[in-house]
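Enquirer: I have a structure I would like to understand better, so I am pasting it below and will then ask my questions one at a time.
The values are calculated or read from the model by the stated rules, or taken from the named source; none is laboratory data. All figures in this text were calculated on a predicted structure; none of them were measured in a lab. Using ideal geometry, Cβ is built from the backbone for each residue, glycine included, and neighbour counts are taken over all protein chains shown.
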Amino acid sequence: MKDVTIVGSGLIGSLLAIYLAKRGYKVEVFERNQDLRKVPSKRGKSINITLCDRGLKALDAAGLGDIVRQISVPVYGRLIHREDRQLEHQPYGNNQEALYSVSRNQLNKTLLDYAEKNFPIDFHFNEECIGLDLSSTTITFKNSRSGSILHRKTNRIIGADGAYSAVRQRLQQRSRFDYSQHYAAHANKELSIPASAKGAWTREKNVLHIWPRGQHMLISFPNIDGSITCTLHLPFEGEFSFDAIKTEQDLKHMFVTMFPDAMQEMPDLVQDYFANPCIPMVTVRCSPWTFQDKVALIGDAAHAMWPSYGQGANSGFEDCAFFDQCVEKYGDNWLATFREYEEQRRPNAEAMGMLSEQHFIEIRDLVGNPEFQLRKKIERKLNRMYPTRYIPLYSLIAFTHIPYADALRIEQQQRLIVDELIQIKGIAEKIDDLEIEIRIHQLMRCRDIELQNSAPKLLQSVK
Ligand SMILES: Cc1cc2nc3c(=O)[nH]c(=O)nc-3n(C[C@H](O)[C@H](O)[C@H](O)COP(=O)(O)OP(=O)(O)OC[C@H]3O[C@@H](n4cnc5c(N)ncnc54)[C@H](O)[C@@H]3O)c2cc1C
């Protein structure tokens, strides 16, 4: 009863394998692709991601938080490149809170190395899951090199095989399995800036540079070798869209119009653009995540989300840590583990999926908008006055461990305070005046009473 089969050796499958091997389970991982440590990195295939406290806590608990910090660059906020060429600093918080920018491939390789070096985990690469018999818990794999078929009977199957999960597709064939997917009208493409770039802005490394241009956006993420990985967000259709940009001239015209300073530092722009794939953004919602005590979904397989909030991997890592706590609590009672894992994690994934879609609009359309900036300024003031009691939504998500669903409920109360304050004439100039501070004290008292009445536990979590 001690064997567990994980499908997918991406970020989440690899971390879960480590957690389960630590608990003494015999873990086998089957991965469709080649071992990515043995193939030269393909540019455009590895985006950069940012890890926040949630993901890092889960990595710390597995023993590799510091190893990951060493391959990451801390970023302390956003630097907005406005259309009028002015720069606008937006720190993530008042206390030097940082996200960690890291190449997804590099992170995945680090997890695989750590897993293989420290635990007797069997990784099988080039093995694609093509079938699953639920009654006998037998999975079928096809080897992409030899074409040979392998039927593997096992006790437990965890589908960590990403947004287009084959394990989930098998569960979908059962009755009363709810499933929905929601694509954005936009996609992403990876571009790059070499370490030798000379632009004044490229020297500011410890921030995410963002060029918000309504429907279009460029974000740059620093790497430890001094290079920068950029993500270009464009709509699929319309002027300056993935569909419309067909030639080098179209591409350069768009960059000259929207991102001229960034373009100067991108010698490989044309090559990158036409070689790299478009990565669509999809939200996946499904239920149940588990089947008896035999099959469970985790990470993107259970809850893919738009990358705008940078929480896909972070929430998947949190899934792994929570799953591990359930295993610790229930031992070999997998039914209890699966039940608690799903009960606790699914509402949070649903909240985060919704927030990610909202946040996409926020960073795309609003980051450069004066009212949005005023709201952020008011939030920072509230947070300065009540550092442990008023935590802006972004910080609740990125810099606390409050469950996502609770963060969403707290935000709904907090938003009312900002809605009130922003009505005050001239608030931007007199934000530090006594009159405003007294109003803030009153509003905070009302909010606490509201939270106390609706859910006392929530108030506890922000204290
Ligand atoms: C542009 C972009 C930016 C992002 N930015 C962030 C960010 O800043 N912060 C953050 O936390 N998250 C971010 N994410 C999300 C993050 O990348 C994902 O949430 C995370 O990679 C999910 O990991 P996973 O292991 O669940 O799935 P995946 O990474 O998709 O891994 C699944 C693995 O399963 C394998 N597999 C698939 N099908 C099969 C099969 N049939 N048989 C065997 N193996 C199979 C795949 O080859 C793969 O190795 C971003 C995503 C994108 C697209």
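Enquirer: Taking the criterion of being within 11 Å of the ligand (Cβ to nearest atom) and either at pLDDT 95 or above or buried (at least 23 other Cβ atoms within 10 Å of the Cβ) (or both), would at least one residue in the range 320-335 satisfy it?
Expert: yes
Enquirer: Another question, if that's okay. Just to check your reading of the model, which residue among Ala195, Ala187 is surrounded by fewer than 21 Cβ atoms within 10 Å (Cβ to Cβ), over 21 Å from Gly316 (Cα atoms) and free of Cβ contacts under 8 Å to residues at least 60 places away in the same chain?
Expert: Going through Ala195, Ala187 in turn, just one is surrounded by fewer than 21 Cβ atoms within 10 Å (Cβ to Cβ), over 21 Å from Gly316 (Cα atoms) and free of Cβ contacts under 8 Å to residues at least 60 places away in the same chain: Ala195.
Enquirer: Also, I was wondering about something else. Being under 30 Å from Asn206 (Cα atoms) and within 10 Å of the ligand (Cβ to nearest atom) narrows it down to one residue among Asn126, Asn108; which is it?
Expert: None of the other options fit; the residue is Asn108.
Enquirer: Additional query: Residues Leu16, Leu59, Leu64: which one is free of Cβ contacts under 8 Å to residues at least 60 places away in the same chain, surrounded by 18 or more Cβ atoms within 10 Å (Cβ to Cβ) and touching a helix residue (DSSP H, G or I) at 6+ places or on another chain (Cβ under 8 Å)?
Expert: Leu64
Enquirer: For the range 43-79, enumerate the residues that are at pLDDT below 95, within 13 Å of the ligand (Cβ to nearest atom) and assigned to a loop (DSSP other than H, G, I, E, B).
Expert: Within the range 43-79, Gly44, Lys45, Ser46, Ile47 meet the criteria.
Enquirer: Scanning the range 246-304 for residues that are among the β-branched types (Val, Ile, Thr) and under 22 Å from the mean Cα position of the chain (by Cα), which turns out surrounded by the most Cβ atoms within 10 Å (Cβ to Cβ)?
Expert: Restricting to residues being among the β-branched types (Val, Ile, Thr) and under 22 Å from the mean Cα position of the chain (by Cα), the top hit is Ile298.
Enquirer: Right, here's the next one. Of all the residues that make up the range 198-220, how many are surrounded by 14 or more Cβ atoms within 10 Å (Cβ to Cβ) and without any contact (Cβ under 8 Å) to a residue 40 or more places away in the chain?
Expert: Qualifying residue count for the region: 1.
Enquirer: Is it the case that the range 348-358 has a residue that's of a type in the set (Gly, Ala, Ser), under 21 Å from Ile402 (Cβ atoms), more than 10 Å from the ligand (Cβ to nearest atom) and touching a Leu at 6+ places or on another chain (Cβ under 6 Å)?
Expert: Looking through the range 348-358, at least one residue is of a type in the set (Gly, Ala, Ser), under 21 Å from Ile402 (Cβ atoms), more than 10 Å from the ligand (Cβ to nearest atom) and touching a Leu at 6+ places or on another chain (Cβ under 6 Å).
Enquirer: Take the residues in the range 129-174 that are of a type in the set (A, V, I, L, M) and either more than 14 Å from the ligand (Cβ to nearest atom) or more than 28 Å from the chain's Cα centre (by Cα) (or both), then tell me which one is nearest to Val4 (Cα to Cα).
Expert: Here the residue is Ile139.
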